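What follows is a short report on a single structure.
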Amino acid sequence: MQVKRMREEYGKLNRVEMSIWECCELLNEFIDESDPDLDEPQIEHLLQTAEAIRKDYPDEDWLHLTGLIHDLGKVLLHPAFGELPQWAVVGDTFPVGCAFDESIVHHKYFTENPDCNNSAYNSKYGVYSEGCGLDRVFMSWGHDDYMYLVAKENKTTLPSAGLFIIRYHSFYALHRAGAYRHLMNEEDVENLKWLKIFNKYDLYSKSKVRVDVEKVKPYYLSLIEKYFPAKLRW
Ligand SMILES: [Fe+2]
Ligand SMILES: [Fe+2]
């Protein structure tokens, strides 16, 4: 299974050592081709998301930081990370090992995927069980899961809702279509509420409101210091 290989390979975190902010700057060299509305540097998208959340939820500093870092996994596009192609890094994510939900974009193409004809994988539960928790569910590979791995392995102190947002923000079948609820546990249900809140900002913050990077930088550096080590392994 290709998903497993990617996760094992990138899960080693042996490519680069850098801080969260250094990663924001590195990502700034890239534009997400999958996103036609986004013609500004990534760092603006990250800060617009974070600042919009900060305005409405001033006390949830973890959520501001989550906004800033949620897309950092896109560094997988960078040559230092093997320059993965766009399709392997961005786009919707979905569970593997059970039936593909109809709400997944390009669902019809899954009929060409051999998993669809494998009776171990093509039923509603597949290899999983009722309420097993999303943590046990294998997801397709993308920038979400990679950044989740980075945060977790580098021992972030972000609350579980922050990690959940990072990990599942491209899982549209879950947070937009309400699919795969049968695999969620209680903690997932709680965390999903935050993901839905977050998602509004992720989408609508792609406005033309400019953010003065230098002005807000000290605030975000203080949050990074609060929730992350100075250097992380990527
Ligand atoms: Fe993203
Ligand atoms: Fe985003």
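The values are calculated or read from the model by the stated rules, or taken from the named source; none is laboratory data. The shown structure was predicted, so the numbers you read here are calculated from the model rather than taken from an experiment. Cβ sites come from the backbone with ideal geometry, for glycine too, and all protein chains shown count toward neighbours.
For the stretch 175-191, the tally of residues that are touching a Leu at 6+ places or on another chain (Cβ under 7 Å) and either aliphatic (A, V, I, L, M) or within 15 Å of ligand 2 (Cβ to nearest atom) (or both) stands at 3.
Of all positions in the stretch 215-227, none carries a residue that is among the hydrophobic types (A, V, I, L, M, F, W, C), under 19 Å from the mean Cα position of the chain (by Cα) and within 16 Å of ligand 2 (Cβ to nearest atom). Per this entry, N113 is not counted among residues that are closer than 27 Å to L76 by Cα and in contact with a strand residue (DSSP E or B) (Cβ under 7 Å, 6 or more places away or on another chain). Among the residues of the stretch 121-162, those identified as away from ligand 1 (no atom under 16 Å from the Cβ) and small (G, A, S) are S123, G126, S129, G131, G133, S160, A161. So, A230, is that one farther than 24 Å from Y10 by Cβ and part of a loop (DSSP other than H, G, I, E, B) or not? The answer is no for A230. Of all residues in the stretch 5-31, those that are in contact (Cβ under 8 Å) with a residue 12 or more places away in the chain and charged (D, E, K, R) have Cβ atoms under 7 Å from Cβ atoms of residues that are assigned to a helix (DSSP H, G or I) and surrounded by fewer than 16 Cβ atoms within 10 Å (Cβ to Cβ), 6 or more apart or on another chain, in R15/A80. Count, please, the residues in the stretch 37-76 that happen to be at pLDDT below 90 and either of a type in the set (A, V, I, L, M) or away from ligand 2 (no atom under 14 Å from the Cβ) (or both). The qualifying residues number 3.
If you go through the stretch 157-172 and keep only what is part of a helix (DSSP H, G or I) and either farther than 15 Å from V90 by Cα or in contact with a strand residue (DSSP E or B) (Cβ under 7 Å, 6 or more places away or on another chain) (or both), you end up with S160, A161, G162, L163, F164, I165.
Residue pairs whose Cβ atoms lie under 7 Å apart, separated by 6 or more positions or on different chains, with the first residue in the stretch 56-74 and away from ligand 1 (no atom under 16 Å from the Cβ) and the second part of a helix (DSSP H, G or I), are Y57/L63; D61/L223; W62/G162; W62/Y227; H64/A50; H64/I53; H64/R54; H64/L223.
Per-residue answers, yes or no, for (1) surrounded by 13 or more Cβ atoms within 10 Å (Cβ to Cβ); (2) without any contact (Cβ under 8 Å) to a residue 40 or more places away in the chain:
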site	(1), (2)
K124	no, no
T156	yes, no
A161	yes, no
S170	yes, no
H175	yes, yes
N185	yes, no
V209	no, no
I224	yes, no
A230	no, no
